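> The structure that follows is given in the form of structure tokens.
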Amino acid sequence: MISNQILQSTLDGLKQITRVDMCVVDTEGVMLASTFGEEADFRDAVVSFENSPAESQVISNYQFFKVLDEGHLEYVLIASGNSDDVYTTGKLTAFQLQCLLVAYKERFDKDNFIKNLLLDNLLLVDIYNRAKKLHIDTESRRVVYILEPEGDGEAAGLEEIRGLLGARSGDFITEIDEKSIIIVKEILLSDGPKELNEYALEMLDALPQEKRATAIIAYGTVVGELKDVSRSYKEARMALNVGKIFFEEKHVIAYSRLGIGRLIYQLPIPLCKMFIREVFDGKSPDEFDEETLTTINKFFENSLNVSETSRQLYIHRNTLVYRLDKLQKQTGLDLRIFDDAITLKIALMVVKYMKHMEKSPDY
């Protein structure tokens, strides 16, 4: 079904060219779009016209035209006047509307196909059969991006995003829930991690400034066949969820760069609690003061380098050593030893994951 906005803009454009007033009504005579100055009541006339075998008819100085969709009546076009010029304009407009119906139906069919493909709702044989009918290449390299235009808020409209991103013929833009937009992007054979990240940044740049500040975009790995697009979608979905927990400061998140965060995200909560009890001996990492947490994070950022960490924290090297010794007494872990450092790093990430899950409505 064509939107009323598209119908109205089509009639407005044709009126500017032909100077003929027209309106489009549904099969019950309800006005959908019009260039008439005043809204007229055509319901009785439309019912009479529908029941006639004629494709066009003149009724009370108005010309009526049937707009069919595969033989079924979809709209009735009404043009003001009964001259030959009005008749020709009406026939051309009815033909234009029928072409729009075909185009919108094809796009709807493709959109429905892509949604089912992403959700793994299709058999392998159906994927290839339907792709052939819809003229979709089955062997192009593709990657799935998930865009949340306003973070946890309500997403921008799908049509708005389509207009902003200006998808190429090989790209598909759809939505599965009300928060996120799915972009199935066709990429070049030469595209690598750098280019994939640049595509994500281009999508963010296409958004209005107010949405860009809070937008998040995540993407999966590249797949070479259409049947594997659902895998890239699942990866992108996981990247989005994991990124919200462990990479809050990032706007672009790649599945391939999730690291141990991807493993932690798949751990059951009871196992996480048991691990934390064993590492901290019944204590909670929440008991660390801000100074200690800042020291730990900066130490990790600098790959356990004492000199660089003390320099960036603007403290003496001995002060940093004192803090690390104090932390060792509290936890039994010496961050200058790699095994202890990785244990604490994982433990802090597990705690962050547990807090996130406790806030989740599905917890």
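The values are calculated or read from the model by the stated rules, or taken from the named source; none is laboratory data. Just so it is clear, the structure is predicted and the values come from calculations on it, not from any experiment. Reconstructed Cβ throughout: ideal geometry from the backbone, glycine too, with neighbour counts over all protein chains shown.
> Looking for whichever is more than 36 Å from the chain's Cα centre (by Cα), more than 15 Å from residue 94 (Cβ to Cβ) and not in a helix (DSSP H, G or I) here; the options are 52, 48. Which one fits?
Checking each option against the conditions leaves just 52.
> Which of the residues belonging to region 1-34 are of a type outside the set (D, E, K, R), within 36 Å of the chain's Cα centre (by Cα) and surrounded by fewer than 16 Cβ atoms within 10 Å (Cβ to Cβ)?
1, 3, 4, 5, 6, 9, 13, 27, 30
> Six or more apart or on different chains, Cβ under 7 Å: which pairs go from a residue in region 66-86 that's without any contact (Cβ under 8 Å) to a residue 40 or more places away in the chain to one that's of a type outside the set (Gly, Ala, Ser) and outside any loop (DSSP other than H, G, I, E, B)? Could you list them?
What qualifies is 66/73; 66/76; 68/74; 68/98; 69/101; 82/58; 82/63.
> So, one more: Within region 60-91, can you find the residues that are touching a helix residue (DSSP H, G or I) at 6+ places or on another chain (Cβ under 8 Å), part of a helix (DSSP H, G or I) and surrounded by 14 or more Cβ atoms within 10 Å (Cβ to Cβ)?
Across region 60-91, the qualifying residue is only 89.
> Could you please find all residues in region 93-105 being surrounded by fewer than 19 Cβ atoms within 10 Å (Cβ to Cβ) and touching a residue at least 60 places away in the same chain (Cβ under 8 Å)?
Within region 93-105, 96, 100, 101, 104 qualify.
> Residues in region 190-238 that are outside any loop (DSSP other than H, G, I, E, B) and in contact (Cβ under 8 Å) with a residue 40 or more places away in the chain: how many?
Total satisfying the criteria: 24.
> For residue 248, only one of the following conditions fails: (1) closer than 30 Å to residue 347 by Cβ; (2) at pLDDT 90 or above. What is its number?
Exception for residue 248: condition (2).
> Can you tell me which residue within region 194-230, out of those that are closer than 27 Å to residue 119 by Cβ and among the basic types (Lys, Arg), is surrounded by the most Cβ atoms within 10 Å (Cβ to Cβ)?
The residue in question is 211.
> Just give me the residues in region 11-44 being in contact (Cβ under 8 Å) with a residue 60 or more places away in the chain and either basic (Lys, Arg) or touching a Leu at 6+ places or on another chain (Cβ under 7 Å) (or both), in sequence order.
Answer for region 11-44, where residues must be in contact (Cβ under 8 Å) with a residue 60 or more places away in the chain and either basic (Lys, Arg) or touching a Leu at 6+ places or on another chain (Cβ under 7 Å) (or both): 22, 24.
> So if I check each of 195, 210, which one is within 30 Å of residue 135 (Cβ to Cβ) and more than 14 Å from the chain's Cα centre (by Cα)?
195
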